[in-house]
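Chemist: One structure follows; several queries about it will come next.
The values are calculated or read from the model by the stated rules, or taken from the named source; none is laboratory data. Treat the numbers as computed from the prediction; the structure is a model and nothing was measured. Every residue, glycine as well, gets a Cβ built from its backbone with ideal geometry; the counts of neighbours run over all protein chains shown.
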Amino acid sequence: MKYQTLNIKGQLFRLDEPLVMGILNVTPDSFYEGSRKQTDADIRNRIEEIIREGGDLIDLGGYSSRPDAREVSPEEEMARLRSALKILRDEYPDMPVSVDTFRADIARRCVEEYGAAIINDISGGELDPAMFAAVAALRVPYILMHMRGTPQTMQSHCDYANLTADILQYFARKVEQLHLLGVSDIIIDPGFGFSKTLEQNYELMSHLDDFRLLEKPLLVGISRKSMIYKRLDCTPAESLNGTTVLNTYALLHGANILRVHDVKAAVEAKRLIAPFIHYL
């Protein structure tokens, strides 16, 4: 079997087993209250928790992308990120860090000044036309997510001729653009919860196998999202079990990376499902 790989800071990660990416939000308004970490002590505790529970990567975000989140200036976003980036660089240099930003200048600073290893762009280069060139120059893996509009307007852009086909075409076009710039380490994120209705999220989940056509690593980020807690009529705080169920489904249908709030539960799901993955 041919396994996909990622070159992260010169280290080759072979994706014959999925990776778990722990979420670290340095924001005051992320949708899940338990993910908000702003003091240095809270940031260190969260990093230690991700490492202790078996996380492979940390995804650091300074701009909440929930539908009703307020706009954050580049200066404020960088100010939020700076303390966590410094702690990660100085105290946890072996932990690969992904920075969740759609701004090319922020991406450059995080990689060049603080050693960030991956750029995670919710907009697929749509919100900053300089992003693709920046990623090519930085020579880091790029998480290419599907979204329409902005975090503030995305839920008014849910009209598709054919949901899965339209999103696959979007990725095929974007991947070609990145390849022409010399970017080869591209991770595909279908963007659950972004520009999709609740029903469309489940339709997309049922077609995860189709994304194998792109021959790129697949990231699934559904942790405690509204597609879970609204369907179960509960709160984000009560949606861990639902998250684990859908993460397990995703692992069985091609997910290479799980982006999660609850690292321990995701690692356990990965360990239990690993024997079955090798037969797919």
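Chemist: Can you tell me which of (1) closer than 18 Å to LYS174 by Cβ; (2) assigned to a loop (DSSP other than H, G, I, E, B); (3) hydrophobic (A, V, I, L, M, F, W, C) is the one PHE211 doesn't meet?
Modeler: For PHE211, the exception is condition (2).
Yes/no per residue for (1) surrounded by fewer than 24 Cβ atoms within 10 Å (Cβ to Cβ); (2) in contact with a Pro (Cβ under 7 Å, 6 or more places away or on another chain); (3) basic (Lys, Arg):
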| site | (1), (2), (3) |
| --- | --- |
| LEU219 | no, no, no |
| LEU232 | yes, no, no |
| PRO236 | yes, no, no |
| SER239 | no, no, no |
| TYR249 | yes, no, no |
| ASN256 | yes, yes, no |
| ILE277 | yes, no, no |
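Chemist: If only one of LEU127, LEU204 is part of a helix (DSSP H, G or I) and crowded, with 17+ Cβ neighbours inside 10 Å, which one is it?
Modeler: Only one candidate qualifies: LEU204.
Chemist: LYS196: out of contact with any Lys or Arg (no Cβ under 8 Å at 6 or more places or on another chain), assigned to a loop (DSSP other than H, G, I, E, B) and surrounded by 19 or more Cβ atoms within 10 Å (Cβ to Cβ), yes or no?
Modeler: yes
Chemist: So in region 96-115, with the set limited to residues that are over 21 Å from PRO151 (Cβ atoms) and touching a strand residue (DSSP E or B) at 6+ places or on another chain (Cβ under 6 Å), which one is surrounded by the most Cβ atoms within 10 Å (Cβ to Cβ)?
Modeler: VAL97
Chemist: Please state which one of ARG80, ARG108, ARG46 is in a helix (DSSP H, G or I), in contact with a helix residue (DSSP H, G or I) (Cβ under 8 Å, 6 or more places away or on another chain) and of a type in the set (Lys, Arg).
Modeler: ARG108
Chemist: Same structure again: With respect to PHE132, determine if the residue is at pLDDT 95 or above and in contact with a Ser or Thr (Cβ under 6 Å, 6 or more places away or on another chain).
Modeler: No: the conditions fail for PHE132.
Chemist: Restricting attention to region 172-188, report how many residues are in contact with a Phe, Trp or Tyr (Cβ under 8 Å, 6 or more places away or on another chain) and either surrounded by fewer than 17 Cβ atoms within 10 Å (Cβ to Cβ) or not in a strand (DSSP E or B) (or both).
Modeler: Within region 172-188, residues that are in contact with a Phe, Trp or Tyr (Cβ under 8 Å, 6 or more places away or on another chain) and either surrounded by fewer than 17 Cβ atoms within 10 Å (Cβ to Cβ) or not in a strand (DSSP E or B) (or both) number 5.
Chemist: Check GLY221, GLY242 and return the single one that is touching a Lys or Arg at 6+ places or on another chain (Cβ under 8 Å) and either at pLDDT below 95 or over 24 Å from ILE8 (Cα atoms) (or both).
Modeler: Answer to the selection: GLY242.
Chemist: For region 1-42, give me the residue count where each residue is over 23 Å from MET227 (Cα atoms) and either at pLDDT 95 or above or charged (D, E, K, R) (or both).
Modeler: Looking only at that region, the number is 8.
Chemist: With respect to the numbered conditions (1) assigned to a loop (DSSP other than H, G, I, E, B); (2) surrounded by 20 or more Cβ atoms within 10 Å (Cβ to Cβ); (3) modelled with pLDDT of 95 or more, which one is the sole condition not fulfilled by ILE119?
Modeler: It is condition (1) that ILE119 fails.
Chemist: Please verify whether ARG224 is in a loop (DSSP other than H, G, I, E, B) and within 18 Å of the chain's Cα centre (by Cα), treating the condition exactly as stated.
Modeler: yes
Chemist: What is the number of the single condition among (1) modelled with pLDDT under 95; (2) touching a Lys or Arg at 6+ places or on another chain (Cβ under 6 Å) that ALA237 does not meet?
Modeler: (2)
Chemist: Test ALA165 against the criterion of being touching a residue at least 24 places away in the same chain (Cβ under 8 Å), in a helix (DSSP H, G or I), more than 19 Å from ILE257 (Cβ to Cβ) and of a type in the set (Gly, Ala, Ser), and give yes or no.
Modeler: no
Chemist: Filter region 146-171 for residues that are among the small types (Gly, Ala, Ser) and surrounded by 12 or more Cβ atoms within 10 Å (Cβ to Cβ); which is nearest to MET131 (Cα to Cα)?
Modeler: GLY149
Chemist: So, one more: Tell me which residues, restricted to region 233-264, are over 20 Å from ASP189 (Cβ atoms) and in contact (Cβ under 8 Å) with a residue 24 or more places away in the chain.
Modeler: ALA237, LEU240, LYS264
Chemist: Can you tell which of ASP90, ASP94 is more than 14 Å from the chain's Cα centre (by Cα) and part of a loop (DSSP other than H, G, I, E, B)?
Modeler: ASP94
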